[in-house]
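Below is one structure, written out as structure tokens; comments come after it.
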Amino acid sequence: MDYHSPASFAEASALAANATGITRFLAGGTDVLVQLRSELVTPDTLIDIKKIDGVSDIISNADGSWTIGVAATGAEMSEHSELGRDWPGVVEAMDLIGSTQVQGRATLTGNLCNGSPAADSVPAMVAAGVTVTVTGPSGDREVAVEEIPTGPGKTSLSKGELVSAVHIPARGEDGGDAYLRFIPRTEMDIAVVGVGVNLRLDGDTVAEARVSLGAVAPTVLLVEDCAKAIIGSTLDDAALDALAAAASAACNPIDDKRGTIAFRTEVAGVLAKRAAKIAYARAKGEQA
Amino acid sequence: MALDDRKSEFTFVGTRPNRPDGLDKVTGRAKFGADMSAPGMLHGAILRSPHAHARIVKIDTSKAEAHKDVKAVVTRADFADVPFKPGLEGEFWNVLENVMAGEKALYDGHAVAAIAATSALAARDALKLIKVKYEVLPHVTDVDKAMASDAPVIREGAADYSVPEGMHPNVVRYHESGHGDVEAGFAEADLIIEDSFVTEATHQGYIEPHACLGMLGNDGKGELWCTTQGHWIAQKTCAALLGIETSQLRVTASEIGGGFGGKTTVFIEPVALALSRKANRPVKVVMTRSEVFRATGPTSSASMDIKIGMKKDGTISAAQGVFRLQGGAFPGAPGDMTAMCAFAPYNLTNVKQVGYDVMANRPKQAAYRAPGAPMGAFAVESVIDELCKKLELDPVDVRLKNAAYEGTKASYGPRYERIGLVETLEAAKAHPHYSAPLKPGQGRGISCGFWFNHGGETSVSLSLSEDGSAQLMVGTPDIGGSRASMALMAAEVLGIPYENIRVTIADTATLGYNDVSHGSRVTYASGLATIKAAKHAVEKLCERAAASWGIPTDAVKWENGCAVPSGPNAGDFDPRPLADITAHMGSTGGPISGHFEATPEGAGVSFGTHIVDAEVDPETGKTAITRYTVIQDAGKAIHPTYVEGQYQGGAAQGIGWALNEEYIYGEDGRLQNSIFLDYRIPVASDLPMIDTVIVEVPNPGHPFGVRGVGETGIVPPLAAIANAVSHAAGVRMRQLPMSPPRILAALKDNG
């Protein structure tokens, strides 16, 4: 196994482009090292991107948007009060991953690039409209988060490409987001269902919405029908029921050790309602 | 072994001093199984079957043997030729077959070969060089399917004499007991409920994986360091499996990171020794968590049918149960224990119970706290709860009405001596928890539980030092704070402070035989042995004092740590403290020690009653345990903090078993969840504060009244939680674990 710690994303990209066999990028390592130790994936080339300048930064941009470094950890995000005020759903989703120790290492980028349909931060990012910069042999491109995963453990990144930054849009006025997941325990588990909701109000009416589901299909889903179900409503019971129905209808889950098809389909609707209520309350400036 | 000098007033017993092993454990100084190393040490790794059931056609180890880092490869041929016998009679053969597969791999994870190499990584990598040719056979993992006529036969000839003719060869033991006439009893009942229940296998879930360091020379002399609940059984079993003399193998027990019954046998220890013998170097083997789940003892899964008849006043007129327990691909599932414990809390005129020990393609079951009892209690106490509900009777009153007491003929045969079930029920009824209001969506459950407890072969040695301190050597590994309890009991007898006594878990070369730390026996049996050994030393102390005073030994008594004349007629001498006598022991007759070697027989059965509140989310089926109270008879709590810890631990493990823990097998017979991420043990935030009430109804068979407390605490939780959840959800839950998908499905079925 070859280990590299490049000083720039261009260098990291070049190393990956020229590598043979299995290549993995190492940020927090909370998936890569676990897979390595359990012999699920033994990389031939390991490229550590933590030593690139600025990768741990959480930057508040002049236009109100945020840029999150690829090695910024869940703990650093949770401790960043302004980020949490703007995007509580994204920060809470990240904070749900693993234990306190894992939070000291785990990153948004790693959670995204691991390609798990059950990744907690991904539905929250999709709902929030987050994009990432992808650096590759032919330069940089900006890609929506929902276009990165293509199936369990698979991404749309091609050989030599890696995510080099995460961009969260400006929160703006009258908006709120939330992420909820279902696990049978209270913490340190993997989502059986995850739902991210992000919305903006015009008075009491939902003007814009994005709803994303996790762990109910081969990839995290952005569900337009869920958004349609609540846009134009005041999140009354009829709109919530329509939201739940749309969420359940969008599910294409599997039966496995973590949950059944029937359970995931049902609970996706339940959580969509609950997450929407929290996002709505947050958009109204209420504590939730 | 009733003793007529039972104490009721105590100085040290019943206090809560700091544990003697605490500092070592919090500073990392304590040495656990994997913490030992030796010069020239090799690392072992084990190749395991990926198939649930397969004939081993050929194992080619040549490439592995040729690898430069590999120093030894072993297969079944490197072990002794232990004769096959049916049932548990052939337990050495069963253990050998489990430790290293013979002609067939019998479950996913079954060991088929092992390697010793110069590093752990090299050993792991070299496993890939071993080529095994398998002929995959049909498999069965479910207990009911394993008993069906078309089930694949795991092994012909494994059944013992007890199995009725015509049963499938996978049924290997049969138990039937009871008394009275159940049919006549059912005829008297105002309401009869008949129902069926299933529970899935769970793992003991000890945090420390199995680990050992073994060295065995070609001269048949060996040393073994391992994490175990019983190093004498490890010594005896390893010697038998390797064909060496028992006494030539010295076994030392490490500090132990949990056992709960699962470390009462051997898995990797004989393999490390076989590798060492071949390589002529020490070999260390440490299991991964996945190996622990796949290849060490989970508890049995169970399928049970219960029929209970009750009169309108709550009297149980008849009770019967059929208990089918699956214990992996070997005899040993505790169907007999389940049957015997199921109705044991009750004073029944008519009772009948049948238990089956059934083999399936799963790892060999190992003991897990009160093995077999929790699942039986789940089934029986669920039916009692349903009867109470239908007859509109209070569940504690009904249990009080039927509770066993001193003189009751137990459902499994003997008459009880003094027992404390009624006291636990009365304490439950009086407890504020029982009358506390419930919120909407919450339910309350009650259950009783029983466990036999055990005595077992026990050796203890106590020696006094010149400065008046004492060393106590016991042979039962400390899995529940027993070093503190032993020191308290010795302090009580000797009359010297707790801190002046050092308790050591001695190795197999230092003491006579000791049974495993199981059966809740340690505080009872090693405690009794400690008291007797200390009294033995006290007799000698009195002799020395008598000699110094020139009076007969029987004119001296021991009081508050001093020899004193037994009365005014004995003479007028100043008390001689223990340290004063030991200071001169070298010149007054030599070292002073006390010993005990015997098998105490008065363990004293124990009962508990649990009260649980549960809240079920009707939209997701998720359960939260909102309040939990354990009430249990300890006989006499030597170190009450440890007793409370045992109660809380039993409840915590019961909560896991009831709600989320389970072995999940795929269609291919492979275990799907062999890591803690997917084998869902409760995390700390899943648990409420678990309140405890220690009831003390002294055990007549122990000098201080001790009853074992380690196991009874896990018997009531499954039933108590199921009753609470069933009330909260409004639908009877008959299958464990009551995971959210199962509860949500039950709610949907219920409309």
Quick one: which residue in A:G21, A:G89, A:G110 is over 20 Å from A:R141 (Cα atoms) and surrounded by 18 or more Cβ atoms within 10 Å (Cβ to Cβ)? A:G89
On the given criteria, is B:L348 part of a loop (DSSP other than H, G, I, E, B), crowded, with 24+ Cβ neighbours inside 10 Å and over 23 Å from the mean Cα position of the chain (by Cα)? yes
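Against the condition of a type in the set (K, R) and within 14 Å of another protein chain (Cβ to nearest Cβ), how does A:K277 come out, does it pass? If you could, list the steps in order and put the result at the bottom.
Values: of a type in the set (K, R): yes; within 14 Å of another protein chain (Cβ to nearest Cβ): yes.
So A:K277 passes the test.
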If only one of B:L677, B:L687 is modelled with pLDDT under 95 and in the same structural domain as B:A379 (by TED's automatic domain parsing), which one is it? B:L677
Taking A:V166 as the residue in question, decide whether it is among the aliphatic types (A, V, I, L, M), over 17 Å from A:F25 (Cα atoms) and in contact (Cβ under 8 Å) with a residue 12 or more places away in the chain. no
Single condition B:A598 does not satisfy, out of (1) more than 14 Å from every other protein chain (Cβ to nearest Cβ); (2) surrounded by 24 or more Cβ atoms within 10 Å (Cβ to Cβ): (2)
Among (1) hydrophobic (A, V, I, L, M, F, W, C); (2) surrounded by fewer than 20 Cβ atoms within 10 Å (Cβ to Cβ); (3) touching a residue at least 60 places away in the same chain (Cβ under 8 Å), B:L677 falls short only on (3)
If only one of B:A603, B:A579 is closer than 30 Å to B:V422 by Cα, of a type in the set (A, V, I, L, M, F, W, C) and either touching a His at 6+ places or on another chain (Cβ under 6 Å) or assigned to a helix (DSSP H, G or I) (or both), which one is it? B:A603
Does at least one position in the range B:620-637 carry a residue that is in a helix (DSSP H, G or I), out of contact with any His (no Cβ under 7 Å at 6 or more places or on another chain) and more than 14 Å from every other protein chain (Cβ to nearest Cβ)? no
What residue, among those in the range A:148-204 that are buried (at least 21 other Cβ atoms within 10 Å of the Cβ) and hydroxyl-bearing (S, T, Y), is nearest to A:T107 (Cα to Cα)? A:S164
Within the range A:218-228, is there a residue that is of a type in the set (S, T, Y) and in contact (Cβ under 8 Å) with a residue 60 or more places away in the chain? yes
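Please work out which residue is nearest to the other protein chains (Cβ to nearest Cβ), limiting yourself to the range B:654-681 and to residues that are aliphatic (A, V, I, L, M) and over 18 Å from B:E208 (Cα atoms).
Filtering the range B:654-681 for residues aliphatic (A, V, I, L, M) gives B:655, B:658-659, B:664, B:671, B:675, B:677, B:681.
Add one more test, that the residue is over 18 Å from B:E208 (Cα atoms), and what stays is B:655, B:658-659, B:664, B:671.
Working: B:I655: 11, B:A658: 12, B:L659: 7, B:I664: 5, B:L671: 10 Å.
Restricting to residues being aliphatic (A, V, I, L, M) and over 18 Å from B:E208 (Cα atoms), the top hit is B:I664.
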All but one of (1) touching a helix residue (DSSP H, G or I) at 6+ places or on another chain (Cβ under 8 Å); (2) outside any strand (DSSP E or B); (3) surrounded by fewer than 23 Cβ atoms within 10 Å (Cβ to Cβ); (4) not charged (D, E, K, R) hold for B:S685, so report the exception by its number. (1)
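Each row is one residue, and each column tells you yes or no for (1) out of contact with any strand residue (DSSP E or B) (no Cβ under 8 Å at 6 or more places or on another chain); (2) farther than 17 Å from B:P717 by Cα.
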site: B:A403; (1), (2): no, yes
site: B:G407; (1), (2): no, yes
site: B:V422; (1), (2): no, yes
site: B:A430; (1), (2): yes, yes
site: B:Y434; (1), (2): no, no
site: B:G441; (1), (2): no, yes
site: B:R444; (1), (2): no, no
site: B:F450; (1), (2): no, no
Of all the residues that make up the range B:366-394, how many are closer than 20 Å to B:E426 by Cβ and surrounded by fewer than 24 Cβ atoms within 10 Å (Cβ to Cβ)? 3
Looking at the range A:110-226, what strands (runs of 3 or more DSSP E) fall wholly within it and have at least 3 residues that are modelled with pLDDT of 95 or more and within 14 Å of another protein chain (Cβ to nearest Cβ)? A:175-182, A:193-202
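The values are calculated or read from the model by the stated rules, or taken from the named source; none is laboratory data. Remember, predicted model here, so these are calculated numbers, not experimental data. Quick reminder, even Gly has a Cβ in these numbers, built from the backbone with ideal geometry, and neighbours come from all protein chains shown.
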